[in-house]
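A.B. asks: I'd like to ask some things about the structure below.
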Amino acid sequence: MAETKDKSLGELFSDLTRETSTLVRKEVELAKTEMGQKVAVVGKSAGLAVAGALMGLGAFGAFVAMLIMLLSNYVAPWIAALIVTLVLGGLAAALALAGIGAIKKASLAPKHTVETLKEDVQWAKEQAQ
């Protein structure tokens, strides 16, 4: 406190400007770090999803062929293929809509940075008074 009393108003504003500038730079660095971490998690998750999809693709193809062959014991093969196609198409649409809804709800905003920026604004207002 004694150090602050000895400074002129110009020096105090200069200090406030310098400290605010430093604070803003640190907040930008924090936002970059936080976003980088979120992108890394999303990237790894996407990689796992793609690997799982590729591994399951072969098994799914065999499953579809088995269903068509099974149904062709009861109806013409082309009707069996049509039935399997329509059922799987409906399931694919439902899964795609569910996935799109989940993506829309996902938040990539740097929440911690937003909170600290609000605190910083409040601190700057208090310092200016």
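Every read-out reported here was derived from the displayed coordinates using simple, explicitly stated rules and does not represent laboratory data. Fair warning: this is a prediction, and the values are worked out from it, not measured in the lab. Virtual Cβ from ideal backbone geometry, glycine too; neighbours counted across all protein chains shown.
A.B. asks: Any idea what the dipole of the chain comes to, in debye rounded to 20, about its Cα centre with Lys/Arg Cβ at +1 and Asp/Glu Cβ at -1?
C.D. replies: 560
A.B. asks: Further, regarding this structure: Can you tell me the orientation of helix 77-105 relative to the chain, as the angle in degrees between its alpha-carbon axis and the longest Cα principal axis, to the nearest 10?
C.D. replies: For 77-105 against the chain, the angle is about 10 degrees.
A.B. asks: Sticking with this one: What distance in nm separates the two pseudo spin-label positions at residue 95 and residue 65, each 7 Å out from Cα along the beta-carbon direction?
C.D. replies: 1.9
A.B. asks: While we're looking at this one, here's another question. Below 18 Å, Cα to Cα, which lysines can residue 118 reach? Residues fewer than 8 away in the same chain don't count.
C.D. replies: Output for residue 118: 26, 32.
A.B. asks: Averaging sequence separations of C-alpha pairs under 8 Å and six or more residues apart, then dividing by the length of the range 9-128, give the relative contact order as a whole percent.
C.D. replies: 42
A.B. asks: One-quarter of the Cα convex hull surface for the chain, in nm²? Working shown, then result.
C.D. replies: Details: hull surface 46.1 nm².
Projected over every direction and averaged, the Cα hull of the chain covers 11.5 nm².
A.B. asks: A follow-up question, please. Which is farthest toward the positive dipole end of the chain among 24, 109, 128, measuring Cα position about the Cα centre, with Cβ charges +1 (Lys, Arg) and -1 (Asp, Glu)?
C.D. replies: Toward the positive end, the furthest listed residue is 109.
A.B. asks: 7 Å from Cα along Cα→Cβ at both residue 20 and residue 8: what's the point-to-point distance in nm?
C.D. replies: With each label point 7 Å from Cα toward Cβ, the separation is 2.0 nm.
A.B. asks: Within the range 12-95, list the chymotrypsin sites (Phe, Trp or Tyr not before Pro) lying in a DSSP loop whose Cβ has at most 15 other Cβ atoms in a 10 Å radius. Walk me through the intermediate numbers first.
C.D. replies: Values: sites: 13, 60, 63, 74, 78; in loops: 74.
Sites meeting the loop and neighbour criteria: 74.
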